[in-house]
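Peer 1: Please find one structure pasted underneath; my questions will follow.
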Amino acid sequence: MPEQKKILVILKGCVRNDRGSQKALYTLLADYAMSICFRYSANHQEAEEMMNESFVKLFKSIHKFESNRYTDTLTSLKGWFKRIIINTCIDQFRKNKHNAMTHTLPEEYDVPSENQATAIDQISYKEIIDSISQLSPAYRNVFNLFVIDGYSHEDIAEQLGISVGTSKSNLSKAREKMKKLILKLTRYKAYA
């Protein structure tokens, strides 16, 4: 069966709450969802919880997705699901907001800034994601929403319940911490 028809059959089954179809959709989208959740979480367990919660929301609202409207249903579904995942991650942040606003990185991550023109070339995608996960939740969420997901500071402020100035400040601080973390990684690799 061609890919497009297979996706449409799976989606129709999910609308009927067919467990086999839900499992097939979960299998199809789990890696994609987890990669987004990892950007917003501090650890694997938290990312997995956010991913599973995102799937619950997806299955509850799958009837709203207009699958016949798109020529590439899978790509459109991923875009639609990405919004659900990001909103789930933001909801998780709001639940834990009192902890997130006071969390700071340990001093061991404060490394003086030096020449890092080729730093990004020396580290892998996983190392970048691991570095993002070391940011405090407040910094991590603003960094992800602005840098990776393309939200404006106004949208971030509204989503997270913070001021635009706080969003800008958190992004600036997150970028500084990321520079230090990446620099530390590249220094380690240079001596390894």
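The values are calculated or read from the model by the stated rules, or taken from the named source; none is laboratory data. Keep in mind that this is a model prediction, so the values were computed, not measured. Note: ideal-geometry Cβ built from the backbone for every residue, glycine included; neighbour counts use all protein chains shown.
Peer 1: Do we find that Ala42 is closer than 23 Å to Val142 by Cβ, without any contact (Cβ under 8 Å) to a residue 40 or more places away in the chain, outside the structural domain of Phe146 (by TED's automatic domain parsing) and of a type outside the set (Ser, Thr, Tyr) in this structure? Give the steps one after another, and end with the answer.
Peer 2: Values: closer than 23 Å to Val142 by Cβ: yes; without any contact (Cβ under 8 Å) to a residue 40 or more places away in the chain: no; outside the structural domain of Phe146 (by TED's automatic domain parsing): yes; of a type outside the set (Ser, Thr, Tyr): yes.
No, not satisfied.
Peer 1: To continue, here is another question. If you check Ala47, Ala33, Ala24, Ala42, which single one turns out to be more than 22 Å from Leu135 (Cα to Cα) and surrounded by 15 or more Cβ atoms within 10 Å (Cβ to Cβ)? Full working, then the answer.
Peer 2: Working: Ala47 fails: more than 22 Å from Leu135 (Cα to Cα); Ala33 fails: more than 22 Å from Leu135 (Cα to Cα); Ala42 fails: more than 22 Å from Leu135 (Cα to Cα).
Sole residue among the options that is more than 22 Å from Leu135 (Cα to Cα) and surrounded by 15 or more Cβ atoms within 10 Å (Cβ to Cβ): Ala24.
Peer 1: Taking segment 71-100 as the search range and keeping residues that are buried (at least 17 other Cβ atoms within 10 Å of the Cβ) and hydroxyl-bearing (Ser, Thr, Tyr), which one is nearest to Asn17 (Cα to Cα)?
Peer 2: Going through the qualifying residues, I end up with Thr73.
Peer 1: Looking at Tyr139, Tyr188, Tyr151 in this structure, which one is within 23 Å of Ala42 (Cβ to Cβ) and at pLDDT below 90?
Peer 2: Of the residues listed, the single one that is within 23 Å of Ala42 (Cβ to Cβ) and at pLDDT below 90 is Tyr188.
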